[in-house]
Amino acid sequence: MDKMEQWFGTGEGFPWEEKEILRYLGHRGQEIPENVKQLIGECQRELENAAAARSVCAEYPLAIQDHVIDMGVLQTKSRNLEKNLRDCGRILIFGATLGSRVDVLLKRYGQLSVSRAVVLQAASAAMLETYCDYCNEAWREEYQKKGWYLRPRFSPGYGDFPLECQKEIFAVLELSKRIGVTLTDSLLMAPSKSVTAVIGLSKKPGTCSVQGCEACGKISCEYRR
Ligand code: SF4
């Protein structure tokens, strides 16, 4: 079966989050014309054919001292990340991608149809997020059985988490060899629909939203990013 066990075990198509696609398209609640709905549907079908979603994840020790965040294989300073990782004792570092055929699609339509290219960009970004949420949920279940609680994922370049940390993440996870993702000198990932992030593991019970703090109603949470 594959294709992510036919899209996450349902045996059906990809579990699209329509509101995510619309959010990436800058939708503000206005009526969506029929031709746009049709274009979104066509793009979703093309992406389901082209995407080859893959991820790598590894667990490391975590210590924070004098504002230095030590993940064993990587040390950095970031107030935003430090707040998110407070009371965490271990950390997951992961990378994920939709694969190079999605970039082929984006490039082709970038030359042929601006409107289709814009919708493909939005849909593929939403697709990657949903895939990461799926992976995140699986790790959350796995680790909670062992008494560890996941914080929301935090990517290099977010807040004051230095983008330069990508280099160490690529090296320790061997992203190029294992899922075919490379890093340019200007720290851009290829294929473009790829992501890396860290996820704190805490012994302190807490149910974080897989979609992150932005989607979480706990406004006064002490770990909120
Ligand atoms: S705000 Fe919500 S998602 Fe963010 S750290 Fe707190 S509980 Fe977790």
Normalized C-alpha radius of gyration of the chain, against 2.2 N^0.38 Å?
1.06
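Residues of the chain: accessible area per residue at 1.4 Å, in Å²?
Working: 11590 Å² over 225 residues.
Accessible area per residue, the chain: 51 Å².
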Which pairs, out of Lys83/Lys203; Lys107/Lys193; Lys77/Lys218; Lys19/Lys204, put more than 21 Å between their alpha-carbon atoms?
Lys77/Lys218; Lys19/Lys204
Roughly what would the spin-label model give for Arg79 and His27, points 7 Å off Cα along C-beta, in nm?
3.7
How high is the FRET efficiency from Leu187 to Val68, r the C-beta distance, R0 30 Å, rounded to 0.05?
0.90
Provide the per-residue ³J(HN,Hα) series for region 83-98, in order, calculated from phi with Karplus coefficients 6.51, -1.76, 1.60 and θ = phi - 60°, each as a whole number of Hz, with x at glycine and proline positions.
4, 5, 9, 3, 6, 9, x, 9, 8, 9, 10, 9, x, 8, 8, 9
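What FRET efficiency comes out for Lys177 versus Asn35 if R0 is 45 angstrom and r is the Cβ-Cβ distance? Round to the nearest 0.05.
Plugging the Cβ-Cβ distance into 1/(1 + (r/R0)^6) gives 0.55.
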Pick from Pro162, Pro33, Pro61: which residue has the top mean-square fluctuation in a GNM of the chain where Cα pairs under 10 Å get a spring?
Pro33
The distance between the Cα centres of region 168-219 and region 60-114, in whole Å, is 3
In whole percent, and with a 1.4 Å probe on the protein chains, what portion of the accessible area of the chain is carbon and sulfur?
52
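The values are calculated or read from the model by the stated rules, or taken from the named source; none is laboratory data. Remember, it's a predicted structure, so these values are computed and weren't measured experimentally. Cβ atoms come from the backbone with ideal geometry, glycine included; neighbour counts cover every protein chain shown. All accessible areas refer to the heavy atoms of the entire protein, side chains included, with ligands and DNA or RNA removed. Shrake-Rupley method; radii C 1.70, N 1.55, O 1.52, S 1.80 Å.
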